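Report on the structure given below.
The values are calculated or read from the model by the stated rules, or taken from the named source; none is laboratory data. Predicted model only: the values in this text are computed from it and were never measured. Note that we place each Cβ from the backbone using ideal geometry, even for glycine, and neighbour counts take in every protein chain shown. Protein only, heavy atoms only, side chains kept; ligands, DNA and RNA dropped before computing areas. Shrake-Rupley method; radii C 1.70, N 1.55, O 1.52, S 1.80 Å.
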Amino acid sequence: MTPTEGSRPLRAVFVAGTGTDVGKTVATAALLRALRGLGVAAQAVKPVQTGVAPATLCGDAISYAAAVADLAPVPGVPPAAVLRAFSLPASPQLAAAREGGRLTAADLASSIGEHWEGLAPGAGLLLLEAAGGLLAPLNAREGMIDLMAEVQAPVILVARNELGALNHALLSLEAVRARGLELAALVLVEPPRPVAEASGEAVLAENSRYLAEHLAAHWPQALFCRLPWGELSGPAGWQELAQVLLPLARALAETGSGSRAGDARPGVDLEARDHAALWHPYASATLLPPLETAARSHDNRIVLADGRELIDGMSSWWAAVHGYNHPRLNHALRAQSALMPHVMFGGLTHAPAVTLGERLLAAMPEGLERIFFADSGSVAVEVALKMALQCRQGRGERRRTRFLTPRGGYHGDTLGAMSVCDPVTGMHSLFAGMLPQQFFMERPSCRFDAPFDPAALDDARRILAEHGDEVAAVILEPVVQGAGGMWFYHPDYLRGLADLCRRAGALLIFDEIATGFGRTGRFFAAEWAGVTPDILCCGKALTGGVLTLAATACTAEVAEDICRGGRVFMHGPTFMGNPLACAVASASLDILEENRWQAQVARLERGLAEGLAPCRNFPDVADVRALGAIGVVEMTAPVNGPRLQRFFVERGVWIRPFGRLIYLMPPYITPPEDVARLCAAVVDALAADAWRLPD
Ligand code: PMP
């Protein structure tokens, strides 16, 4: 839903059933009457009605109108509406398909938004009655609950009191919880009396007691109502039911039931609270950075609190390779959280960690044989540096305490990792005196797409010749230097460097935190060169962007040297091997192993190369390059990040440039038309000069 600036926030509540025919239409109609009795200009709306001939008043709308037939009409707010009607009495998916149509949650949510806009300004609340049960399909991928999630309105769940009611109600409540929806009430609709079997009354009473107790324990803010079977031939019968629902109507009228997605600027308050309390990455706490409030995400989209939907061009810093809310990742998370969210890794092990470790080793370059789990990329780099140092101690080489690394690298923000970042862009001057002094060599000068020039290795050769006996290890990002400049260099550089390291007795560490899991077109970028490093770090996309987890792998030789003479490796994070993160990472590997990523990344590379090519025509563009799922426009001067961020958000895309770089790194699932829109937004930004400093 994309409400326009200044539009009235949508106020709505969804009435959903535990199945079809449970009495939700009666509950909706009675609630409408209760609300109108309180003076709330409510309207009951059926977003999708099946089994009717389209007409202004059809299907359930007839019941809504009947429930308030004797009450004074509200000008501009008719009591009932049906938005989409289909003649086949079947699930919305089937009924729509029969008529050659396809329903989507997003389209229906837009129709609801437009319908609300079309009502008189005094309209107070929409009662949106779902069709069928919560998971009744709208299309092959989405169900009724996806529409509810799209609208983000609170839910009134209606169940029929009968044998089996508990199971259906509890299942539906789990689904509501799993989608992060708010529960306003559970309405238990009583069957007509007398009930048939002898045990019937006892069962019904127990159902009611159980559900009331369950609600009090698990949904304390929700109301529990028992709706008697009504004689609905006239106003008196409706009034009786409305009376029962009066407490619910009052609660809705008082608290209001704003759809979270429809509020005009609901993020404004959060932004102010954020500014008062929080700090953002690489930001001032006093000169406040521009912020958008993200409310939800799906596929390759980030949905802002005001309902605007942005095409994601960043994969949330290289991590969300499968896009957002991937059902298999979310399922793995839920399943593991039900079993065991976390236990310490000291003295304990568990299947999620062991399985993931084995699978990672199988996917990594041959020769890496042991995994150490860390909780972020920076920590994985610290672990790699410490491994190299302890390995040297194990070998009795105590002089080898320094690292050699190319300029233009980036390895994280903790102190050890920072010491091997580019000394200029890594802000070493800020922490001078604190950071260990490392050796820096020239950035690999040979482009990825140009013939390799062996002279690119001269500086490495020189430093290793002069200081080789002090170097514990050489650390670098293979093929793509990421946050230090988005530079793509020739894989032959890595082959030559591996050779130099071997001769100088230096270990080789590959930081694949940004490049791992297919981003460069190979599963690990090391594969471009066919080189196995002694130590390899990965992170970011390891969990498909869902949870923080990283891993440092090393060869058996490194592990043995560290542990020589009964020594242990001195690192052990509290959340090491977190089962939730490991389970999600394994699910992400499952998706990658189905091997669609190769075709997806190849298609992205073509789309990015083509889409960004027009940028070459602008005089301030220094270079345009694409490799794998990474597209880069390098400017001749630093860009205006905040201004560009605003420009891009206005165009419905999420892109965060830095330094002299405007770059794209979309989720692998991004469809070609969205890649084109991302690229077009970058071209537009250059055409509009929106990249220039000052603001
Ligand atoms: N190494 C590289 C190559 C990275 O790109 C990053 C993150 N940008 C890190 C290390 C640090 O990872 P994290 O932010 O998870 O600490």
Largest first, what is the accessible-area ranking of D449, D375 with a 1.4 Å probe?
-> D449, D375
Got a number for the accessible area of K24? Probe 1.4 Å, square angstrom, nearest 10.
-> 20
Taking the Cα centre of each part, how many Å lie between the range 293-371 and the range 580-612?
-> 13
Can you give the accessible area of H331 in Å² (nearest 10), computed on protein heavy atoms with a 1.4 Å probe?
-> 110
Positive dipole terminus of the chain, leading residue within A465, L542, W691 (C-beta point charges) = A465
At the level of C-alpha centres, the distance separating the range 183-254 and the range 643-665, in angstrom, is 52
Integer Hz, Karplus 6.51/-1.76/1.60 couplings in order for the range 127-141, x for Gly and Pro = 9, 9, 8, 5, 9, x, x, 4, 9, 4, x, 8, 7, 5, 10
Taking a probe of 1.4 Å, how large is the accessible area per residue of the range 384-503, in Å²?
-> 42
Two-decimal Rg/Rh across the range 577-682, once Rg and the Kirkwood Rh are taken from alpha-carbon atoms = 1.06
Magnitude of the Cβ-charge dipole (Lys and Arg +1, Asp and Glu -1) of the chain about the Cα centre, nearest 20 debye, reported as 480
Expressed in nanometres to one decimal, the distance between label points 7 Å along Cα→Cβ at A205 and H275 is 6.0
Kirkwood hydrodynamic radius of the chain, Cα pairs, Å = 28.4
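In a shell of Cβ-Cβ distance under 15 Å around G496, excluding G496 itself, what net charge do Lys and Arg (+1) and Asp and Glu (-1) give?
Numbers: positive: R443, R461, R462, R495, R502, R503; negative: E442, D453, D458, D459, D492, D499.
For residues surrounding G496, the net value is 0.
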Treating only Lys and Arg (+1) and Asp and Glu (-1) as charged, each at its beta carbon, one finds that the range 410-553 has a dipole about its Cα centre, in Debye to the nearest 20, of 280
Count the DSSP beta bridges whose two residues both fall in the chain, then state the antiparallel fraction as a percent rounded to the nearest 5.
-> 45
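Kindly sort C563, C391 by accessible area of their heavy atoms, largest first, with the probe set to 1.4 Å.
C563, C391
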How long is the gain from L415 to H214 if the chain were fully straight, where each residue apart is worth 0.36 nm and the alpha carbon distance is subtracted?
-> 67.4 nm
How much area per residue is accessible in the range 636-695 when the probe is 1.4 Å and only protein heavy atoms are counted (Å²)?
-> 40
Kindly provide the GluC sites (Glu not before Pro) of the range 558-616 that DSSP labels as loop, not H, G, I, E or B, and whose Cβ sees at most 10 other Cβ atoms within 10 Å.
-> E594
Judged on accessible area alone, 1.4 Å probe, highest first, R462, R33 line up as R462, R33
Taking every alpha carbon pair in the range 184-328 and sorting the distances into 10 angstrom bins from 0 up to the bin holding the longest one, the percent per bin comes out as 9, 21, 23, 19, 16, 9, 2, 0
So if we plug the beta-carbon distance of V424 and A294 into 1/(1 + (r/R0)^6) with R0 = 22 Å, what FRET efficiency do we get, rounded to 0.05?
-> 0.10
Reachable lysines from K24, Cα under 20 Å, same-chain residues fewer than 8 places away excluded?
-> K46
Ratio of Rg to Rh over the range 425-526 (Cα coordinates, Kirkwood Rh, two decimals) | 0.97
MRE, 222 nm, helices only [DSSP H, n ≥ 4, -39500 (n - 2.57), over the chain, to nearest 500] | -11500 deg cm²/dmol
Hey, rough spin-label estimate for H467 and E594, points 7 angstrom out along Cα→Cβ, what's it come to in nanometres?
-> 4.9
Would you work out which of I655, L171, L248 lies farthest towards the positive end of the dipole of the chain? Charges go on Cβ: Lys and Arg +1, Asp and Glu -1.
-> I655
Evaluated at q = 0.26, 0.30 Å⁻¹: base-10 log I(q)/I(0), Debye formula over Cα of the range 507-566 = -1.04, -1.20
Which Cα, out of P573, P154, C679, lies furthest along the positive dipole direction of the chain (beta carbon charges, K/R +1, D/E -1)?
-> P573
If r is the Cβ-Cβ distance from M570 to R447 and R0 is 51 Å, what FRET efficiency results, to the nearest 0.05?
-> 0.80
When the dipole is taken about the Cα centre of the range 571-623, and only Lys, Arg (+1) and Asp, Glu (-1) are charged at their Cβ, what size is it in debye, to the nearest 20?
-> 60
Ordering 126-132, 182-188 by per-residue average of other C-beta atoms within 10 angstrom, highest first, gives 126-132, 182-188
